[in-house]
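Visitor: Dropping the structure in here first, questions after.
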Amino acid sequence: MITNQKHATATHATATLEITGMHCASCAAFVEDTLSQTHGVKRAAVNLASEKATVEFLPSVVNLASLTTAVENAGYGARELKHDQNRAQQAEATETRKIAEYTELKRRFIVAVALAAVIMPLSMTMLVPNVEHFIHETIGMQALNFILLALTLPVLLYSGREYYVSAYNTFLHRTANMDTLIAVGTGAAFAYSVVATIAPALFEQHGMKAEVYYDTTATIIALILLGKVLEARAKGQTSAAIKKLIGLQAKTARVLRDGSEQEVPIEQVLVGDVIAVRPGEKIATDGEILEGVSSVDESMLTGESLPVEKGVGAAVFGGTVNKSGRFTFRATKVGAGTALAQIVRLVEEAQGSKAPIQRLADKISSVFVPTVVVISILTFVVWFNAMPAETRLPFALVNFVAVLIIACPCALGLATPTAIMVGTGKGAENGILIRSAESLEKAHQISVVVLDKTGTLTKGEPVVTDFIMIDDTIKRKDVLHYAASLEHHSEHPLASAIVQYATQSAPQTSLLPVENFTAVEGKGTIGIVAGKEVLIGNLKLLEEHGIHINDDISKTASRLLAESKTTMIMAVNGSPIAVIGVADTVRETSREAVRAMQERGIEVVMLTGDNRQTAEAIAAQVGIKRIFADVLPHEKTNVVKKLQSEGKTVAMVGDGINDAPALAQADVGIAIGAGTDIAMEAASITLMRSDLRDVVRGIDLSQRTMANIKQNLFFAFVYNVLGIPLAAGLLFPFTGWLLSPMIAAAAMAMSSVSVLTNALRLKTVRI
Amino acid sequence: MDTSQILVTLGGIGLAVFVVWYFFLGKRTAQAAALNDSGMQEIAITVKGGYSPDIIEVEQGKPVRLKFYRDETSSCSEELIFSEFKLRRDLPAFETTIIDILPTNKGTFEFTCGMNMLRGKLLVR
């Protein structure tokens with residue numbers, strides 16, 4: 001239903017409705033049309049993902065009830081919206097709740113520690129003969145045991161209550177978890193102690209000492225809570241990256257409405273709104289600059305540390321920070337459609353996915369707890385039978401409790417997901433978006449990287465590399481001025497390259513007038529520039545105009561052609577004056593990236609639709625040996641398949657648009673230079689920057705994360721495989737070693753914390 | 001072997017057999033999600049030491065709304081992981097968390113708690 005109407009101007013009001021029953025984009029479009037066509041509605045935007053409609057309307061003409069009715073008449077539902085919060089607010093609410101939970105956990109831990117600190121020394125009185133004698137003479141051992149019982153009860157009923165309740169609830173579901181082990185272990189020690197306290201005679205008539213284990217019970221709970229406190233702290237840090245991303249979202253926007261700037265909550269910003277941004281302010285949403293020039297810090301989204309210069313028509317992104325100038329922009333995307341929201345979604349999805357390596361751990365943890373319970377029961381039975389009558393019960397009990405307490409399924413459960421969370425978060429911070437845990441796992445096995453040439457290895461746009469004067473009768477500066485003036489009238493990419501080169505090498509305040517401009521398709525351009533006939537084009541164009549080419553010019557042109565450059569000749573008043581070479585240039589970082597991959601033992605292959613000569617020239621520049629040239633766009637997939645048939649794990653790096661099928665076919669599809677347009681379904685890894693070194697960083701990150709997961713899994717397995725037999729007393733017959741349940745509790749508490757701490761190490765690695 | 005040893009041995013073995021039967025061999029029943037007013041297959045799931053129901057039947061290709069109500073504070077159930085749908089959600093205690101999914105493939109998909117101890121299944125038919 002209608003959730004707010006906070007923003008209301010003299011003429012317009014904005015409201016957010018929750019729409020139900022939409023299943024596809026066409027439903028959303030239909031609801032949007034319905035609302036937009038309702039009399040009195042200025043604008044409406046429906047977001048399918050968030051199931052919300054934002055409507056700007058004239059309250060004097062249409063009211064909120066009519067809007068709801070319009071939606072309902074269109075066949076969709078309008079329900080009361082319980083949580084009208086944006087992601088940042090939701091994250092804040094979660095954070096507040098977690099802090100409250102953490103405070104409560106700490107309080108329970110402090111109570112347990114304080115009481116255990118009293119219980120421990122009191123339980124050890126029998127170790128000091130004088131003190132033991134004193135107690136016997138004064139209050140008596142049974143009274144002391146009652147005091148210990150009274151001190152232990154709060155530990156159980158307050159600090160450890162959650163474990164018993166949870167164990168009971170899981171038992172009803174025919175499942176068992178960590179809490180089952182803690183509850184059964186401490187419960188057994190406590191029950192035994194209570195019997196020994198209330199009816200010591202029962203033990204004494206069998207020649208046994210009525211020993212109590214209150215210290216064990218209290219200490220185990222205190223130690224487990226310590227583990228939980230440390231775990232909660234560490235766990236909060238594993239999701240720090242996503243919290244940081246969510247926190248980037250602006251809360252308000254300065255929207256120009258009815259001729260004035262109004263600060264409105266971000267949820268009320270609509271597509272098409274004009275927003276003003278001052279220096280130092282956060283940009284509210286995605287859009288296009290209408291007026292003004294500035295530099296924008298986009299590092300939070302792309303990992304690019306240098307601010308990006310932006311002018312009229314340039315795209316800006318929500319969550320980035322305006323550094324210097326003042327500008328206005330038109331919102332093109334809002335809410336879940338923005339680049340930031342998509343990045344958050346992508347990272348969240350990756351963190352919710354499962355890595356194949358986790359399967360074994362999953363299988364083990366699904367049978368773990370009941371299996372440990374069975375082992376503990378058998379331990380009890382074996383020791384009860386093996387030990388002399390007077391010590392067998394306490395002996396069997398202690399080992400039974402130790403087995404239950406040392407076993408730690410949590411470490412197994414945490415091993416993979418925590419490393420994946422930290423790893424994908426680290427990637428996002430560096431502009432490397434990993435689609436799923438599986439992609440991250442695959443990336444560390446890459447043996448071949450296939451690089452698309454244009455736009456990946458190279459900049460993908462032609463640049464003038466040579467401007468060779470062959471006649472000095474006109475000054476170079478003037479020649480460049482003519483060239484810029486003429487080519488300014490053409491829209492061809494080669495012409496733009498010439499204009500850019502000429503204006504940069506010889507800056508002029510204005511361009512010269514051009515008359516009779518003609519662009520000859522596939523050949524070049526001609527025109528009268530400041531009264532002179534200027535022609536820039538290929539040999540064919542010159543021949544057609546009867547311009548004679550001497551040997552020198554031919555040689556220069558041939559040399560440039562041999563370097564795979566597009567060659568043009570410029571003539572003024574019928575005589576050749578300069579030879580121009582244009583080529584797509586290699587990105588500065590490509591060579592370094594290729595070498596880094598090769599150093600890691602990865603074969604680098606180049607794929608291009610260009611001819612072999614051009615391909616080889618570029619390959620030589622960057623150090624690539626294997627080339628697939630003259631490959632038509634639809635054949636790229638076949639190249640990937642061919643490499644896969646050679647038994648290789650193939651990563652394909654491309655721009656994500658033309659290369660989508662090949663990216664999907666590859667074991668790891670890497671879309672490069674997404675900028676902030678990250679909706680790349682085909683890619684398993686999306687790189688925000690156009691820097692091939694990020695491919696290397698991505699592979700490194702994958703290797704580090706996988707190594708971390710393996711360490712975690714190894715630790716978790718070995719810990720349980722060694723700990724359980726030790727606690728069961730397997731070494732006792734040979735070495736006399738037994739594990740105190742309290743030591744077992746300390747080991748258990750630390751095992752999960754160790755796994756988490758190891759995963760958090762990934763945050764500090766340099767990639 | 002004295003009497004108490006025989007009793008402990010028989011009791012222990014009996015208990016172990018019970019544990020295996022109770023946790024591994026018990027039969028569980030599935031519950032089908034029902035269509036709601038907006039045409040979604042909807043089902044309410046209580047999270048309390050496990051998921052009730054823990055086997056949910058849905059039809060392929062139709063949107064599903066899972067309403068998880070966490071009726072406890074035990075930290076074990078605070079997170080829900082549904083990896084088939086790439087979901088990792090916090091379930092606040094004593095609140096309903098709505099999860100909408102679209103099952104496009106037939107099969108059995110498991111959802112678990114953060115540490116893979118509590119388990120439930122979505123059967124897509």
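Visitor: Return the only residue of A:V582, A:V605, A:V640 being aliphatic (A, V, I, L, M), in contact with a strand residue (DSSP E or B) (Cβ under 9 Å, 6 or more places away or on another chain), assigned to a helix (DSSP H, G or I) and modelled with pLDDT of 85 or more.
Guide: Answer to the selection: A:V640.
One line per residue, one yes/no per condition, for (1) surrounded by 21 or more Cβ atoms within 10 Å (Cβ to Cβ); (2) without any contact (Cβ under 8 Å) to a residue 24 or more places away in the chain; (3) facing chain B (nearest Cβ under 10 Å):
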position	(1), (2), (3)
A:G313	no, no, no
A:E348	no, no, yes
A:Q358	yes, no, yes
A:V369	yes, no, yes
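Visitor: Out of A:T764, A:T757, I need the residue that is out of contact with any Ser or Thr (no Cβ under 9 Å at 6 or more places or on another chain), within 30 Å of A:V308 (Cα to Cα) and of a type in the set (S, T, N, Q). Which one?
Guide: Going through A:T764, A:T757 in turn, just one is out of contact with any Ser or Thr (no Cβ under 9 Å at 6 or more places or on another chain), within 30 Å of A:V308 (Cα to Cα) and of a type in the set (S, T, N, Q): A:T764.
Visitor: Could you list, in sequence order, the residues of segment B:66-81 that are touching a helix residue (DSSP H, G or I) at 6+ places or on another chain (Cβ under 7 Å), in a strand (DSSP E or B) and within 11 Å of chain A (Cβ to nearest Cβ)?
Guide: The answer is B:I81, and nothing else.
Visitor: For segment B:92-125, give me each residue that is in a loop (DSSP other than H, G, I, E, B), on the phi < 0 side of the Ramachandran plot and surrounded by 19 or more Cβ atoms within 10 Å (Cβ to Cβ).
Guide: B:P103, B:G114, B:M115, B:M117, B:L118, listed by residue number.
Visitor: Examine segment A:605-616 for a residue that is without any contact (Cβ under 8 Å) to a residue 12 or more places away in the chain, of a type in the set (D, E, K, R) and surrounded by fewer than 20 Cβ atoms within 10 Å (Cβ to Cβ), and state whether such a residue exists.
Guide: No, segment A:605-616 contains no residue that is without any contact (Cβ under 8 Å) to a residue 12 or more places away in the chain, of a type in the set (D, E, K, R) and surrounded by fewer than 20 Cβ atoms within 10 Å (Cβ to Cβ).
Visitor: Could you tell me which residue of segment A:331-346 is nearest to the other protein chains (Cβ to nearest Cβ), considering only residues that are assigned to a helix (DSSP H, G or I) and of a type in the set (A, V, I, L, M, F, W, C)?
Guide: Ranking the qualifying residues of segment A:331-346, first place goes to A:L346.
Visitor: Across segment A:97-143, what is the number of residues that are of a type outside the set (A, V, I, L, M) and without any contact (Cβ under 8 Å) to a residue 60 or more places away in the chain?
Guide: Number of matching residues: 16.
Visitor: Follow-up question, since we're still on this one. So in segment A:393-410, with the set limited to residues that are modelled with pLDDT under 90 and not hydrophobic (A, V, I, L, M, F, W, C), which one is surrounded by the most Cβ atoms within 10 Å (Cβ to Cβ)?
Guide: A:P409
Visitor: From the list B:P63, B:P53, exactly one residue is more than 8 Å from chain A (Cβ to nearest Cβ), in contact with a strand residue (DSSP E or B) (Cβ under 8 Å, 6 or more places away or on another chain) and farther than 22 Å from A:L360 by Cβ. Which is it?
Guide: B:P53
Visitor: Is it fair to say A:S684 is hydroxyl-bearing (S, T, Y) and within 17 Å of A:S439 (Cβ to Cβ)?
Guide: yes
Visitor: Restricting the first residue to segment A:376-387 and requiring it to be more than 7 Å from every other protein chain (Cβ to nearest Cβ), which pairs with a second residue that is surrounded by 17 or more Cβ atoms within 10 Å (Cβ to Cβ) and small (G, A, S) meet a Cβ separation below 6 Å and a spacing of at least six or different chains?
Guide: Between residues of segment A:376-387 that are more than 7 Å from every other protein chain (Cβ to nearest Cβ) and residues that are surrounded by 17 or more Cβ atoms within 10 Å (Cβ to Cβ) and small (G, A, S), the close pairs are A:T379/A:A728; A:W383/A:A396.
Visitor: Return yes when B:L87 is within 8 Å of chain A (Cβ to nearest Cβ) and under 19 Å from the mean Cα position of the chain (by Cα) and no when it is not.
Guide: Yes: the conditions hold for B:L87.
Visitor: Further, regarding this structure: Within segment B:65-105, track down each residue that is among the aliphatic types (A, V, I, L, M) and more than 26 Å from A:A437 (Cβ to Cβ).
Guide: B:A93
Visitor: Still on this model: Only one of (1) crowded, with 17+ Cβ neighbours inside 10 Å; (2) within 12 Å of chain B (Cβ to nearest Cβ); (3) modelled with pLDDT of 85 or more; (4) farther than 30 Å from A:Y213 by Cα is not met by A:A91, so which one is it?
Guide: Unmet condition: (3).
Visitor: Considering A:R278, A:R254, A:R233, which residue is among the charged types (D, E, K, R), surrounded by 16 or more Cβ atoms within 10 Å (Cβ to Cβ) and over 29 Å from A:I672 (Cα atoms)?
Guide: Exactly one of A:R278, A:R254, A:R233 is among the charged types (D, E, K, R), surrounded by 16 or more Cβ atoms within 10 Å (Cβ to Cβ) and over 29 Å from A:I672 (Cα atoms), namely A:R254.
Visitor: What single numbered condition from (1) over 47 Å from the mean Cα position of the chain (by Cα); (2) among the aliphatic types (A, V, I, L, M); (3) outside any strand (DSSP E or B); (4) crowded, with 18+ Cβ neighbours inside 10 Å fails to hold for A:M570?
Guide: Going through the list (1) over 47 Å from the mean Cα position of the chain (by Cα); (2) among the aliphatic types (A, V, I, L, M); (3) outside any strand (DSSP E or B); (4) crowded, with 18+ Cβ neighbours inside 10 Å, A:M570 breaks only (3).
Visitor: Residue under question is B:G39, and the condition is that it be more than 9 Å from every other protein chain (Cβ to nearest Cβ) and over 29 Å from A:V165 (Cα atoms); does it hold?
Guide: For B:G39, the condition - more than 9 Å from every other protein chain (Cβ to nearest Cβ) and over 29 Å from A:V165 (Cα atoms) - is not met.
Visitor: Identify, please: which residue in segment B:19-36 is in a helix (DSSP H, G or I) and loosely packed, with under 13 Cβ neighbours inside 10 Å and is, among those, nearest to the other protein chains (Cβ to nearest Cβ)?
Guide: Ranking the candidates gives B:F24 first.
Visitor: Something else now. Looking at segment A:515-526, can you tell me whether even one residue there is over 27 Å from A:A615 (Cα atoms), without any contact (Cβ under 8 Å) to a residue 60 or more places away in the chain, more than 54 Å from the chain's Cα centre (by Cα) and in a strand (DSSP E or B)?
Guide: Yes, there is a match, as at least one residue in segment A:515-526 is over 27 Å from A:A615 (Cα atoms), without any contact (Cβ under 8 Å) to a residue 60 or more places away in the chain, more than 54 Å from the chain's Cα centre (by Cα) and in a strand (DSSP E or B).
Visitor: (1) surrounded by fewer than 21 Cβ atoms within 10 Å (Cβ to Cβ); (2) without any contact (Cβ under 8 Å) to a residue 60 or more places away in the chain: which one isn't true of A:G413, the others all being true?
Guide: (1)
Visitor: So which of A:S558, A:S564 is polar (S, T, N, Q), surrounded by 16 or more Cβ atoms within 10 Å (Cβ to Cβ) and outside any strand (DSSP E or B)?
Guide: Among A:S558, A:S564, only A:S564 is polar (S, T, N, Q), surrounded by 16 or more Cβ atoms within 10 Å (Cβ to Cβ) and outside any strand (DSSP E or B).
Visitor: Name the single residue, out of those in segment A:459-497 being among the basic types (K, R) and outside any loop (DSSP other than H, G, I, E, B), that is surrounded by the most Cβ atoms within 10 Å (Cβ to Cβ).
Guide: Result: A:K459.
Visitor: With the checklist (1) at pLDDT 75 or above; (2) touching a strand residue (DSSP E or B) at 6+ places or on another chain (Cβ under 7 Å) in hand, flag the one item A:N63 doesn't pass.
Guide: (2)
Visitor: Return the total of residues in segment A:388-405 being more than 8 Å from chain B (Cβ to nearest Cβ) and not in a helix (DSSP H, G or I).
Guide: Final tally of qualifying residues: 3.
Visitor: Moving to a separate point now. A:A167 - would you say it is within 14 Å of chain B (Cβ to nearest Cβ), within 25 Å of B:G49 (Cα to Cα) and among the small types (G, A, S)?
Guide: yes
Visitor: Still on this structure, I have one more. So in segment A:406-454, with the set limited to residues that are part of a helix (DSSP H, G or I) and within 22 Å of A:L643 (Cα to Cα), which one is nearest to the other protein chains (Cβ to nearest Cβ)?
Guide: A:E438
Visitor: Examine segment A:275-289 for a residue that is touching a His at 6+ places or on another chain (Cβ under 9 Å) and not acidic (D, E), and state whether such a residue exists.
Guide: The answer is no, given that none of the residues of segment A:275-289 is touching a His at 6+ places or on another chain (Cβ under 9 Å) and not acidic (D, E).
Visitor: Looking only at segment A:619-637, how many residues end up being in contact with a Lys or Arg (Cβ under 6 Å, 6 or more places away or on another chain) and not in a loop (DSSP other than H, G, I, E, B)?
Guide: Here the count works out to 1.
The values are calculated or read from the model by the stated rules, or taken from the named source; none is laboratory data. Worth saying up front: this structure is predicted, and the values here are computed from it rather than measured. All Cβ positions, glycine included, derive from the backbone under ideal geometry; neighbour counts span all protein chains shown.
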